1. What are the pairs with Cβ atoms under 7 angstrom where one residue, in the range 164-177, is closer than 17 Å to ALA142 by Cβ and the other, located anywhere, is part of a helix (DSSP H, G or I)? Sequence gap at least six, or different chains.
2. Just one of the numbered conditions (1) within 20 Å of the chain's Cα centre (by Cα); (2) surrounded by fewer than 18 Cβ atoms within 10 Å (Cβ to Cβ) is not true of VAL295; which one?
3. Can you confirm whether ARG302 is touching a Lys or Arg at 6+ places or on another chain (Cβ under 6 Å), in contact (Cβ under 8 Å) with a residue 24 or more places away in the chain and either charged (D, E, K, R) or assigned to a helix (DSSP H, G or I) (or both)?
4. Every residue in the range 42-57 that is without any contact (Cβ under 8 Å) to a residue 40 or more places away in the chain and open to solvent by 40 Å² or more (accessible area, probe 1.4 Å), please.
5. Which of the numbered conditions does THR250 fail, given that it passes all the others? Conditions: (1) in contact with a Pro (Cβ under 7 Å, 6 or more places away or on another chain); (2) among the polar types (S, T, N, Q); (3) crowded, with 23+ Cβ neighbours inside 10 Å.
6. Identify, from the list SER393, SER419, SER351, the residue that is within 27 Å of the chain's Cα centre (by Cα), open to solvent by 40 Å² or more (accessible area, probe 1.4 Å) and in contact (Cβ under 8 Å) with a residue 24 or more places away in the chain.
7. I'd like to verify a number: residues in the range 425-458 that are at pLDDT 85 or above and open to solvent by 20 Å² or more (accessible area, probe 1.4 Å), how many?
8. Considering the range 23-41 alone, what residues qualify as being free of Cβ contacts under 8 Å to residues at least 40 places away in the same chain and assigned to a helix (DSSP H, G or I)?
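The values are calculated or read from the model by the stated rules, or taken from the named source; none is laboratory data. The shown structure was predicted, so the numbers you read here are calculated from the model rather than taken from an experiment. Cβ placement follows ideal geometry from the backbone for every residue including glycine, while neighbour counts extend to all protein chains displayed. Surface areas here come from the heavy atoms of the whole protein model, side chains and all, with no ligands, DNA or RNA. Shrake-Rupley method; radii C 1.70, N 1.55, O 1.52, S 1.80 Å.
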Amino acid sequence: MMNHLIVLPILIPLFAGLGLLLKREGPALPRRLIALAATVALLVCGVLLMRESAGGTIQYYALGDWQPPFGIILVLDRLSALMVTLTALLALGSLCYASAGTDEEGSNFHGLFQLQLMGINGAFLTGDLFNLFVFFEVLLIASYSLLMHGGGKARIHSGFHYVALNLAGSALFLIGLGVLYGTIGTLNMADMAARAPGLDSGRLVLAEAGAMLLLVVFGLKSAILPLYFWLPRAYAAAPAPVAALFAILTKVGIYAILRVFTLIFGPQAGSLANLAQPWVWWLALATLALGGVGVLSSRDLRTQVAYLIIISVGTLLAGIGMNSIDAHGALLYYMVHTTLITGGLFLLVDSIARQRGKAGARIVRGRSVQQVALLGTLFFIAALTVAGVPPFSGAVGKALLLQAATPGQQVWLWPILLSSSLAAIVALSRSGSTVFWRASGNERSEARDNNGDTPGIGALRALGLLLLIGASPLLVAFAGPLSAYTEAAADQLADHEAYIQAILERDRMEDDS
């Protein structure tokens with residue numbers, strides 16, 4: 001009997017999104033309530049899926065009861081459950097903030113927001129590479145419109161580059177899938193993992209070429225060097241709640257690299273074993289280094305946060321390049337931390353910019369913010385957390401990664417990772433002192449900001465900020481159980497035979513009966 005809970009992270013945002021698109025006229029309150037209710041339901045579903053997967057059993061949901069390797073399947077394991085829950089929590093914080101008024105700056109915000117959640121969750125749950133492509137396209141189509149929500153020259157210009165690059169990536173994705181299907185004969189991940197070690201020498205070169213094409217595509221999605229130059233401009237131009245949700249988009253690419261190149265092209269894949277890890281390791285270190293340079297050179301708070309995401313991408317991909325269970329467990333803990341905190345920073349920067357008048361998010365002297373104590377405290381906590389200063393969650397995640405490195409890897413990882421952390425501390429210290437201490441005069445904004453709203457952040461914006469930035473002390477308080485879960489998820493990811501048997505053996509048993 002199939003567990004229908006597995007399909008709910010796709011069905012909930014699908015039906016909510018379609019309903020919101022059909023009823024996009026009228027007062028905003030009903031749309032906000034529907035969107036918030038759907039997102040809360042998604043979060044509850046994610047928590048239930050984590051509890052369901054905690055025992056270590058891998059389950060799948062066969063749509064239309066078409067059994068693998070021929071049908072469309074959704075797979076539940078510890079990793080996919082963690083990513084669905086993380087997405088729902090990030091979305092809830094972003095949606096609370098957007099419901100304070102940002103959602104009304106353009107049309108169809110809530111419907112597109114839910115459809116993007118559907119695409120993200122589908123990418124995390126799918127057990128088939130072609131459907132990974134399909135869900136990639138769903139989330140990208142929604143993200144194109146959300147990026148340009150509210151209009152403006154900067155958003156349209158950034159959106160054009162974002163669309164062009166992702167269309168090129170989609171074309172490469174299809175070519176890579178075609179090559180792999182022609183050589184391996186299937187796109188079901190479990191079936192590919194079972195067949196890859198037995199490929200004859202005549203197909204190995206083509207299979208390797210197809211795999212490397214996928215690495216390029218996933219590298220573009222995750223924003224690894226030299227494919228990250230689109231990200232700072234696009235994320236800085238996006239509306240704050242959209243940019244906060246976009247913090248999970250790079251993690252979709254990182255998840256795809258981790259899943260595909262551990263399960264299908266992992267150590268058990270014979271001549272195709274560990275294709276990506278050497279490339280990912282060196283490119284991740286270069287991404288880390290240049291991300292630190294970008295943070296130091298930023299002249300705008302939004303761009304600075306975008307480069308902090310680049311640093312986090314380099315850190316996460318370095319964990320993949322280290323290619324060990326301990327490193328994978330550490331990167332999953334760090335992924336939870338960095339996704340929530342960088343998402344919260346985008347919201348916080350928007351709140352600061354709303355209270356600074358013409359200075360906005362630029363790192364220059366300007367009018368003092370009205371709620372200097374609240375925003376200053378949140379900025380201080382977020383800055384220390386994202387830079388990895390003890391005792392916050394960033395320090396725990398980075399310590400776990402540094403501890404997982406082998407002596408040969410420590411020579412490279414320790415100086416580069418710690419230098420990027422130092423760059424983040426220096427840059428954020430400069431930004432904070434400029435914004436909160438070097439105000440031009442003592443007067444504060446008393447009337448309205450550039451968007452016509454009252455300067456105070458309000459209850460909904462405050463709730464969104466606290467949900468995301470306030471996660472840091474909770475991640476430290478529950479570091480033991482969470483790191484135990486991520487280590488178990490990494491151990492399960494490395495157990496290729498268990499995954500293959502869970503997906504394919506049940507079908508064989510039913511055929512035999």
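1. LEU165/LEU220; ASN166/LEU140; GLY169/VAL217; GLY169/LEU220; GLY169/LYS221; SER170/GLU137
2. (2)
3. Numbers: touching a Lys or Arg at 6+ places or on another chain (Cβ under 6 Å): no; in contact (Cβ under 8 Å) with a residue 24 or more places away in the chain: yes; either charged (D, E, K, R) or assigned to a helix (DSSP H, G or I) (or both): yes.
In short, no.
4. So the first thing to find is which residues in the range 42-57 are without any contact (Cβ under 8 Å) to a residue 40 or more places away in the chain, and the list is 44, 47, 51, 53, 55.
Listed by number, the residues that qualify are VAL44, VAL47, ARG51, GLY55.
5. THR250 satisfies all of (1) in contact with a Pro (Cβ under 7 Å, 6 or more places away or on another chain); (2) among the polar types (S, T, N, Q); (3) crowded, with 23+ Cβ neighbours inside 10 Å except (1).
6. Values: SER393 fails: open to solvent by 40 Å² or more (accessible area, probe 1.4 Å); SER351 fails: open to solvent by 40 Å² or more (accessible area, probe 1.4 Å).
Criteria check complete, one pass: SER419.
7. Residues in the range 425-458 being at pLDDT 85 or above and open to solvent by 20 Å² or more (accessible area, probe 1.4 Å): 7 in total.
8. Going through the range 23-41, the residues free of Cβ contacts under 8 Å to residues at least 40 places away in the same chain turn out to be 23, 25-27, 29-30, 33, 37, 41.
LEU29, PRO30, LEU33, ALA37, ALA41 - these are the residues of the range 23-41 that are free of Cβ contacts under 8 Å to residues at least 40 places away in the same chain and assigned to a helix (DSSP H, G or I).
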